[in-house]
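Contents: one structure, followed by commentary.
Since every read-out is calculated from the coordinates, none of them should be taken as a lab result. Remember, it's a predicted structure, so these values are computed and weren't measured experimentally. Here the Cβ positions follow ideal geometry from the backbone for every residue, glycine too, while neighbour counts run over all protein chains shown.
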Amino acid sequence: KAGVTQTPRYLIKTRGQQVTLSCSPISGHRSVSWYQQTPGQGLQFLFEYFSETQRNKGNFPGRFSGRQFSNSRSEMNVSTLELGDSALYLCASSLSGGSYGYTFGSGTRLTVV
Amino acid sequence: AQSVTQPDIHITVSEGASLELRCNYSYGATPYLFWYVQSPGQGLQLLLKYFSGDTLVQGIKGFEAEFKRSQSSFNLRKPSVHWSDAAEYFCAVAFSGTYKYIFGTGTRLKVLA
């Protein structure tokens, strides 16, 4: 079966712009989480959605937002990009939550210049 | 605060040698425990997970991990390392009802031929 699909794989944006990243979970998975990975901070939790509801949110500024659609696909948006937002953004999905292990996508590499 | 510690940033082993990667967590209750592996430019792949029961769990690619409650540890082991095991390994914990993972900082494994 198809894995978690993230698009685009690579993105270059300018400071001050906004960006939207997309994630298609494994079919049947209703929980989608987002993580930011940087060399300095490692893997940090952004937010988790289940059935279009955000159940948990990490310690990121309000510029970071997300949503989930009725088909479980998810998007995350970052507004007013800063250089420090350059990172690998990983999406992960599971049936109902992370207790049984998330399946991760390959990520979107965002570079802010 | 909840935290996960992977004390070894880099480990180098010879092909065929045994491997043990360390992971400690700080929290009162027993969390759900995971090990993930990440190859360069890729997402995270789940190696194994522990919820309850037998404290020695088997995973994919010949890996196993042992949960030791008294030491708050969940160390990853492999009896004989292959060159293809070179990657970065992450320990993660999750707590019931929080829907988020807390990741360690990772251990980068290098395998000598």
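Tabulated data for the structure shown
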{"quantity": "Spacing of the two label points (7 Å from each Cα toward its C-beta) at A:ARG55 and A:LYS13, in nm", "calculated": "2.7"}
{"quantity": "For chain A: span of alpha carbons on each principal axis (Å, largest first)", "calculated": "37, 26, 26"}
{"quantity": "Pairwise Cα inverse-distance average, inverted: Kirkwood Rh of the stretch B:62-113 (Å)", "calculated": "13.0"}
{"quantity": "Contour excess over end-to-end distance, with Cα ends at B:ALA29 and B:SER84 and 0.36 nm allotted per residue", "calculated": "16.3 nm"}
{"quantity": "Percent of C-alpha pairs per 5 Å bin, the protein assembly as shown, short to long", "calculated": "1, 7, 15, 18, 19, 16, 12, 7, 3, 1, 0"}
{"quantity": "For chain B, with +1 on Lys and Arg beta carbons and -1 on Asp and Glu, the positive-most of B:SER84, B:GLN2, B:THR55 along the dipole", "calculated": "B:GLN2"}
{"quantity": "D_trans [Stokes-Einstein, Kirkwood Rh over alpha-carbon pairs] for chain B, 37 °C, 0.692 mPa s, µm² s⁻¹", "calculated": "232"}
{"quantity": "Neighbour-count order for A:LEU90, B:LEU109, A:LEU83, fewest beta carbons within 10 angstrom listed first", "calculated": "A:LEU83, B:LEU109, A:LEU90"}
{"quantity": "Rough spin-label spacing in nm, given labels placed 7 Å along Cα→Cβ, for B:SER14 and A:ARG73", "calculated": "5.3"}
{"quantity": "Residue mean of other protein chain beta carbons inside 10 Å, A:81-92", "calculated": "1"}
{"quantity": "When each of A:LYS13/B:LYS110; B:LYS78/B:LYS110; B:LYS49/B:LYS78; A:LYS13/B:LYS100; B:LYS68/B:LYS100 is checked by Cα-Cα distance, pairs over 25 Å", "calculated": "A:LYS13/B:LYS110; A:LYS13/B:LYS100"}
{"quantity": "Average projected area [Cα convex hull, the stretch A:1-44], square nanometres", "calculated": "4.4"}
{"quantity": "Around B:PRO31: net Lys/Arg minus Asp/Glu count, Cβ-Cβ under 12 Å", "calculated": "+3"}
{"quantity": "GNM result for chain A, Cα springs below 10 Å: residue of A:GLY40, A:GLY62, A:GLY101 fluctuating most strongly", "calculated": "A:GLY40"}
